[in-house]
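A short write-up of the structure that comes next.
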Amino acid sequence: MASKTGLKRTKSVSTPKRKAGLREIASAANVSIATASRVLSGNNKVAPAIRKAVWMEAEKLGIDPSQRNKNKTLAFLLSNRAMLHAFHSRILSGAEAHCAANGWDMIYLSYNYPAHIPWTDLHLPKVVQRYDLIRAVILAGTNSANLIKLLGHKKIPFVVLGNNVIGDQQELRNQDAVFVDDIQGGLDATRYLIGLGHRHICFVGNTRLPWFARCFEGYERAMNENHFTPFQSSTDSTDDAESGYLGTKSLLARDEPLTAILAGNDSTAYGVYKALQERGLRIPQDVSVIGCDDTVGALLSPALSSTREFPEQLGKQLVELALNRISKPDQEPQRVTIPTEFIKRDSCAPPAHSAAAKFKNGMQRVTTG
């Protein structure tokens, strides 16, 4: 039946609003379209105040600027370390997995550079400086202040494994960094040995390197809180197994009182094992041994007690902080510390009475090899 008015009803059709884009962001931030494009594409060679204004206006307009740069790639820069290093390989594995889970890609680069030359004399891999390809850099391996200064000068976003930065630690104050709590790891391991009845515990490892120095700090704290004198046997070797071997040989040659050794990492403990076994000493019947980082400890005989440092989790956190920095480039520096876990295996036992009887009455000094 026709309508009395003779008019047909029609549905109103609303015209969808055009989404805000680069032009609107540039206009709101009072900058050129070219400048807004550089900011949103991840190029940090723009004044911080202008960069902040562009990102703020983008957020007000409901735009996620990080999605404008279609390239989603991070660079994993392994500095001054062997490519198949047991610990850093696992950090890379964790980082790659977290990238993949979040739809990002990762490229791996090996980079060797001297620690003591001015930052102006360093030459970065060219791909790291391609803002259109690499959104941020993860610094693993062993790094120093000159590289951190260079990346800051070039305004390349990065996150660094803080435990492995040698030299001036002040450079880490304003940087995104992930740490493992190896000070607590050294403290827990030493307390465990003390709880077994050990009093003559030596630290073996090159404490001129920061990851050894931090473990030694925890060891020293545990010894001091129990009124025992800490002592160490250290060499200048940067080869961890060699450092453990030579440090232990030097210790045994001095005929120091000894019932237990805390090694700065598992590779160092491998060298400790070798030196003790050459001397005819049994582990743990004559000397107990603990490592740190739990990379190869389970493969040694007897299986090595060690402090687990969760390298895959370190890799995940390094990526997480890098992605946070990309999405919020002007946020405050981020710092994350991963706890450790002490793993008991077969390399520790209470000190033998026969061995304790021949030891001198405590250490009165800190000895260094």
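Quick look at the values:
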{"item": "Residue list for the stretch 296-320, restricted to those being under 12 Å from the mean Cα position of the chain (by Cα) and over 30 Å from Gly195 (Cβ atoms)", "result": "Gly315, Lys316, Gln317, Leu318, Val319"}
{"item": "Long-range neighbours under 8 Å by Cβ, at least six apart or interchain, first residue aromatic (Phe, Trp, Tyr) within the stretch 297-321, second in a helix (DSSP H, G or I) and at pLDDT below 95", "result": "none"}
{"item": "Residue that is farthest from Tyr273 (Cα to Cα), among those in the stretch 208-262 that are surrounded by fewer than 19 Cβ atoms within 10 Å (Cβ to Cβ) and among the β-branched types (Val, Ile, Thr)", "result": "Thr229"}
{"item": "Counted residues, the stretch 264-295 - those being under 20 Å from Gly195 (Cα atoms) and among the hydroxyl-bearing types (Ser, Thr, Tyr)", "result": "1"}
{"item": "Selection from the stretch 107-139 of residues that are touching a residue at least 60 places away in the same chain (Cβ under 8 Å) and buried (at least 18 other Cβ atoms within 10 Å of the Cβ)", "result": "Tyr131, Ile134, Arg135, Ala136, Val137, Ile138, Leu139"}
{"item": "Set Leu299, Leu251: member being outside the structural domain of Ala101 (by TED's automatic domain parsing), in contact with a strand residue (DSSP E or B) (Cβ under 7 Å, 6 or more places away or on another chain) and modelled with pLDDT under 95", "result": "Leu251"}
{"item": "Verdict on Ser347 being in contact (Cβ under 8 Å) with a residue 60 or more places away in the chain, among the small types (Gly, Ala, Ser) and over 21 Å from His200 (Cβ atoms)", "result": "no"}
{"item": "Answer residue from the stretch 319-348, given it is out of contact with any helix residue (DSSP H, G or I) (no Cβ under 7 Å at 6 or more places or on another chain) and among the basic types (Lys, Arg) and is nearest to Glu57 (Cα to Cα) among those", "result": "Lys328"}
{"item": "All positions within the stretch 140-181 that are surrounded by 18 or more Cβ atoms within 10 Å (Cβ to Cβ), among the acidic types (Asp, Glu) and assigned to a loop (DSSP other than H, G, I, E, B)", "result": "Asp181"}
{"item": "Test: Ser32 is polar (S, T, N, Q), over 17 Å from Pro157 (Cβ atoms) and either within 28 Å of the chain's Cα centre (by Cα) or at pLDDT below 80 (or both)", "result": "no"}
{"item": "Qualifying position, being at pLDDT below 85 and not β-branched (Val, Ile, Thr), among Asn43, Asn80", "result": "Asn43"}
{"item": "Only listed residue being under 29 Å from the mean Cα position of the chain (by Cα) and among the hydroxyl-bearing types (Ser, Thr, Tyr), chosen from Thr235, Thr229, Thr259", "result": "Thr235"}
{"item": "Residues (under 14 Å from Pro339 (Cα atoms) and β-branched (Val, Ile, Thr)) located in the stretch 284-310", "result": "Thr307"}
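The values are calculated or read from the model by the stated rules, or taken from the named source; none is laboratory data. What you are looking at is a predicted structure, and each value in this text was computed from that prediction instead of being measured. Cβ: placed from backbone, ideal geometry, glycine included. Neighbour counts: every protein chain shown.
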